[in-house]
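Worksheet: one structure, shown below.
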Amino acid sequence: MLIFLEKFNILDEVTYHKYDFEVQWVAVNYNEGPAELNPLNGVVRYEFVEFIVRIAIEKFMVRGECKTEYEAVKALIEQHLKPHFPEYDTNIWRNTRLFNENCEIVFRTYMPVF
């Protein structure tokens, strides 16, 4: 997660420190014990969303830039995440490798099997 924070310019040591990350990481990733679908040192989707919200609150609300959680999350998305969205365009694969005539032929041929 630290690499994520650095790549998206969230960790800047002015409005969001490495210490803030460590505290929030422990809070988000705390598990009572081992769980089959929630690894001890991993992050599942809902934990990732919670982590994003906690970062936004710490970076924008606690420091006084935003007044509500909504504004803080919106500011984090607009300023740090959204500029990187084009790098992770999943439709490129779909449009070039899945939505084509050859795949359509295979799907129609084997549709009765499904």
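The table below gives the values:
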item	result
Selection from the stretch 51-81 of residues that are among the charged types (D, E, K, R) and under 20 Å from Glu6 (Cβ atoms)	Arg54, Glu58, Lys59, Arg63, Glu78
Hey, Asn41 modelled with pLDDT under 85, in contact with a strand residue (DSSP E or B) (Cβ under 8 Å, 6 or more places away or on another chain) and either more than 18 Å from His80 (Cβ to Cβ) or not in a loop (DSSP other than H, G, I, E, B) (or both) or not	no
Long-range neighbours under 7 Å by Cβ, at least six apart or interchain, first residue free of Cβ contacts under 8 Å to residues at least 24 places away in the same chain and surrounded by fewer than 16 Cβ atoms within 10 Å (Cβ to Cβ) within the stretch 5-27, second part of a loop (DSSP other than H, G, I, E, B) and not β-branched (Val, Ile, Thr)	Lys18/Leu11
Residues (surrounded by 11 or more Cβ atoms within 10 Å (Cβ to Cβ), modelled with pLDDT of 95 or more and in a loop (DSSP other than H, G, I, E, B)) located in the stretch 67-100	Thr68
Every pair of residues 6+ apart whose Cβ atoms lie under 9 Å, when the first sits in the stretch 72-84 and is in contact (Cβ under 8 Å) with a residue 60 or more places away in the chain while the second is surrounded by fewer than 15 Cβ atoms within 10 Å (Cβ to Cβ) and part of a helix (DSSP H, G or I)	His84/Lys7
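The values are calculated or read from the model by the stated rules, or taken from the named source; none is laboratory data. Quick caveat, the model's predicted, so the values are computed rather than measured. Note that we place each Cβ from the backbone using ideal geometry, even for glycine, and neighbour counts take in every protein chain shown.
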